Each structure stands twice: as C-alpha cells, then as structure tokens.
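Read-outs throughout are calculated quantities, based only on the coordinates presented, and are distinct from any laboratory measurement. Worth saying up front: this structure is predicted, and the values here are computed from it rather than measured. Cβ atoms come from the backbone with ideal geometry, glycine included; neighbour counts cover every protein chain shown.
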Amino acid sequence: MGIFSTDKNQITLIYNSNTSIGKQTYAYVSDSKKKIRSINTAKNSLTSTQWVEIAEKLDIKIKQLINKKHPDYKSLYADNISLKRHDWLKIVEKYSHLVSVFNFSSW
C-alpha cells in the first residue's frame, strides 16, 4: 500500500492555492458529495516519495508532472534542458506551483 490510500468514496485533491487553477479546482471539488482529502502544496510540501508515488500512479515520469509552458519554468530553465530524475524531483518539491493538472479519479 502506498502513501495515498485509494477510496472510491473519497476525492484526493492535490492543488496549489497560489494559482488560479488551484483555487478553481478546489472550489469545483468542494461541491462534490464525496469526502474530500485536500492537500494544498502552497502550505504543505510533499516529499520526494509522495511525488514519486503520484507519478507512478499516473504512469508518467517525474518530469511530466511539470508544466514546461508555465512562465516561471521558462524563466528558470532552458527549453532543451537535460536533467536527471532527482533534479526533476527537486524542481517539483521547490516549485510545486509548476505541477500540471491531472485527473486522479482512476486511483
């Protein structure tokens, strides 16, 4: 069993309240009849292990979690940057607002 439990009667929302999409997503999910477990990465940092589990559950690489079109990403990194897995993890941990939006409903 992983760090994030799976429960068909619960929505796990991982969002960043410092972004407009994070605020909108939280408001939308809050209207659900299901129990909500929300994790606001603006206030509670996720560990490397947690980010790895998220990527594994989504069946993607860590670097695919990051929105490379985000202006903050573009100002910090070159388009053709070549990083190792642990480097991508550091980016996700430090700049969680760069994480793209994903559908976790299949967990």
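Here are the numbers for the structure shown:
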| item | result |
| --- | --- |
| Segments classed as helices (runs of 4 or more DSSP H), wholly inside the chain, with at least 1 members that are under 12 Å from the mean Cα position of the chain (by Cα) | 20-30, 48-58, 85-94 |
| Cβ pairs under 8 Å, 6+ apart, first in region 36-49 and on the phi > 0 side of the Ramachandran plot and free of Cβ contacts under 8 Å to residues at least 12 places away in the same chain, second assigned to a strand (DSSP E or B) and surrounded by 11 or more Cβ atoms within 10 Å (Cβ to Cβ) | none |
| Residue in region 50-58 that is among the polar types (S, T, N, Q), surrounded by 13 or more Cβ atoms within 10 Å (Cβ to Cβ), out of contact with any His (no Cβ under 9 Å at 6 or more places or on another chain) and closer than 17 Å to V101 by Cβ present | no |
| S96 vs. criteria among the polar types (S, T, N, Q), free of Cβ contacts under 8 Å to residues at least 60 places away in the same chain, within 21 Å of F4 (Cα to Cα) and surrounded by 11 or more Cβ atoms within 10 Å (Cβ to Cβ) | no |
